[in-house]
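Student: Mind having a look at this structure? Questions to follow.
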Amino acid sequence: MKRFVMKGNICYSNENRELCIVENGYTVCENGICVGVFEELPECYQTFPCYDYTDKLIIPGFADLHVHAPQYSFRGLGMDLELLDWLNTHTFVEEAKYQDLAYAEKAYDIFAEDMQKSATTRACVFGTIHNEATLLLMEKLENAGIKGFVGKVNMDRNSPDYLCEVSPEKAAEDTEKWIQEAEKFENIKPILTPRFIPTCSDELMEKLSALQKKYDLPMQSHLSENFGEIQWVQELCPDTAFYGEAYDKYGMFGNGCPTIMAHCVHSTEEEIQLMKKNQVFIAHCPESNTNLSSGVAPVRKYLELGMKIGLGSDVAAGSSLSMFKAMAMAIQCSKLRWRLADQELAPLKVEEVFYLATRGGGEFFGKVGAFEKGYEFDAVVLDDSNLRHPQELGVKERLERMIYLADDRNVIAKFVNGNGFLRDKDGIKRTFFG
Ligand code: GUN
Ligand code: FE
């Protein structure tokens, strides 16, 4: 089962973040796992079915390390505020609607369909505080063929009455029920999701920490995104030296608990050192950080320090699910940061953002994000023939143009852990190979 060969221009990052390209080469999938990349197809694989994408680009699927599914409905709206006012004015109002399952059904159908059409194969997704709607979201993403994590959001303070868990006890009880019900999913797994420190009481964090240990779960949250937010955390947690310590205090900051922190725009040296030590993943969300005027994270510094880092769309503070856009904006934001704020950190390069969107973020999901032996076989086939050019371009130039110019229409096939999806006239439909 799931044994096949793919032929085409294969592009992926190696562990040194260098771009590897094999022109009109072969990659082989066996039981959902990549066997390797070959210039000539070895004899032993010549009996496998071959999907011939000669001259197309074949890249690993993208990992979106941070996206809010319920916010997809108001993407592109209400970008005139900073984080805390944006949450109160737009975000909480929208998220409250997911109490209504009929609304969730419609909204999550749209989200899951658009995820399926995208070049993203892996995602870490926030839901809302509502158990039923979050289980529905998990089911829809599973049916869309995406692999990854979804979190029921926890928030029990500093939140409007209409979107606030009534007590830490009830929040923990609901969360445990949700974890148990979520066991039925194969490819979408639960992730603990305290929204951020300002909306989570000490008692709630303690209870989530106990659940984390009991069920051995990963966790995701927000960190050092916005100056107002950071100052508020300092006031709420006077006993902590920096924001990240407010998670670490509960054992929920890496170190055996696989953790993703979105943003890390304004992390202090101490915070950075603890993230590095505890192998906390950073979800860099350049579009969100621009739209909410949060700032620009020092991504080059994080890369130089060898930290775990990938990209996030952060819809709806980011307007788009496109990881192509996230890559282009990561480069653009790093250039403005370099020009306007800090000449010490050189702008990011194409190879580096491609690494972040594939192998860097993919690592959170295991061996994911590259065409190397033993990696789960996630692949996206890109047809760039609509981007006409008077001369023939090299594969690297074509990949570079995709980063700036591609959208879902360039995705003609997608494979997640060896399961294939082919485009037909309605979009992308699931077909199994092998
Ligand atoms: N911090 C707490 N909640 C949110 C959210 O929904 N989006 C972003 N960007 N930051 C947050
Ligand atoms: Fe977010």
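A short reminder: the numbers here are calculations on the coordinates, not readings from a lab. From a predicted model like this one, the values you see are computed outputs, not experimental measurements. Using ideal geometry, Cβ is built from the backbone for each residue, glycine included, and neighbour counts are taken over all protein chains shown.
Student: How would you rank 185-193, 272-280, 388-396, highest first, on the average number of other Cβ atoms within 10 Å across their residues?
Tutor: 185-193, 272-280, 388-396
Student: Which listed residue (L87, S322, M219) has the Cα farthest towards the positive end of the charge dipole for the range 62-365, taking +1 on Lys and Arg C-beta and -1 on Asp and Glu C-beta about the Cα centre?
Tutor: So the residue furthest toward the plus end is S322.
Student: Okay, next question. Answer with one residue from A144, N154, N289: the one whose Cα lies farthest towards the positive end of the charge dipole of the range 62-365, charges on Cβ with Lys, Arg +1 and Asp, Glu -1.
Tutor: A144
Student: Any idea how far the Cα center of the range 132-185 sits from the one of the range 352-399, in Å?
Tutor: 32
Student: Among V265, F196, G418, which residue has its Cα positioned farthest towards the positive end of the charge dipole of the chain, with +1 placed on the Cβ of Lys and Arg, -1 on the Cβ of Asp and Glu, and the dipole taken about the Cα centre?
Tutor: Most positive-ward Cα: G418.
Student: When only Cα pairs under 8 Å and 6 or more residues apart are kept, what is the percent relative contact order across the chain?
Tutor: About 20 percent, as a whole number.
Student: Then there's this: Mind putting a number on the dipole of the range 185-255 about its Cα centre? Charges go on the C-beta only, +1 for Lys and Arg and -1 for Asp and Glu, and I need it in Debye to the nearest 20.
Tutor: Approximately 300 debye in magnitude.
Student: Please work out the FRET efficiency for the pair K213 and E392, using the Cβ-Cβ distance as r and a Förster radius of 56 Å; give the result to the nearest 0.05.
Tutor: 0.45
Student: Explain nothing, just compute: Karplus ³J(HN,Hα) = 6.51 cos²θ - 1.76 cosθ + 1.60, θ = phi - 60°, for every residue of the range 344-350 in order, whole Hz, x for Gly and Pro.
Tutor: Coupling constants for the range 344-350: 6, 9, 5, x, 6, 10, 3 Hz.
Student: What ³J(HN,Hα) values, in whole Hz, does the Karplus curve 6.51 cos²θ - 1.76 cosθ + 1.60 give for the range 263-268 when θ = phi - 60°, with x put for Gly and Pro?
Tutor: Each residue of the range 263-268 in turn: 5, 6, 6, 10, 5, 7 Hz.
Student: State, to one decimal in nm, how far the label point of V93 lies from the label point of D202, with both points 7 Å from Cα in the Cβ direction.
Tutor: Label-label distance for V93 and D202, simple model: 3.5 nm.
Student: Order of 146-155, 377-386 by packing, highest average Cβ count within 10 Å first?
Tutor: Those peptides, ordered most packed to least, come out 146-155, 377-386.
Student: Continuing with the same structure: Once you've got the Cα coordinates, tell me which of K349/K414; K177/K277; K56/K140; K117/K367 are over 28 Å apart.
Tutor: K177/K277; K56/K140
Student: How long are the three semi-axes of the equivalent ellipsoid of the range 319-434, in whole Å, if each is the root of 5 times an eigenvalue of the C-alpha gyration tensor, listed from largest down?
Tutor: Value: 28, 19, 13 Å, ordered largest first.
Student: For q values of 0.09, 0.11, 0.12, 0.13 Å⁻¹, compute log₁₀ I(q)/I(0) with the Debye formula on a Cα-only model of the chain, without solvent.
Tutor: -0.53, -0.80, -0.96, -1.12
Student: With a cut-off of 17 Å, note down the residues of the range 2-26 whose backbone N falls inside the zone around a label point 7 Å from the Cα of E39 toward its beta carbon.
Tutor: Answer for this model: 8-12, 20-26.
Student: Would you please give the FRET efficiency between K276 and E344, computed as 1/(1 + (r/R0)^6) with r the Cβ-Cβ distance and R0 = 22 Å, to the nearest 0.05?
Tutor: 0.75
Student: What residue among L87, L141, L204 has the largest mean-square fluctuation in a Gaussian network model of the chain, using Cα springs under 10 Å?
Tutor: With Cα springs under 10 Å in the chain, the top fluctuation among L87, L141, L204 is at L87.
Student: Report the charge-dipole magnitude of the range 62-365 in Debye, nearest 20, computed about the Cα centre from +1 at each Lys and Arg Cβ and -1 at each Asp and Glu Cβ.
Tutor: 1060
Student: Quick one: of the DSSP bridges fully inside the range 62-365, what percent are antiparallel, nearest 5?
Tutor: Counting only bridges with both partners in the range 62-365, antiparallel ones make up about 5 percent.
Student: Who wins for biggest fluctuation among E270, E304, E139 in a Gaussian network model of the chain, springs between alpha carbons below 10 Å?
Tutor: E304
Student: I would also like to ask the following. Under a Cβ-only charge scheme (Lys and Arg +1, Asp and Glu -1), can you give me the dipole magnitude of the range 219-326 about the Cα centre, in debye to the nearest 20?
Tutor: Dipole of the range 219-326, to the nearest 20 debye: 440 debye.
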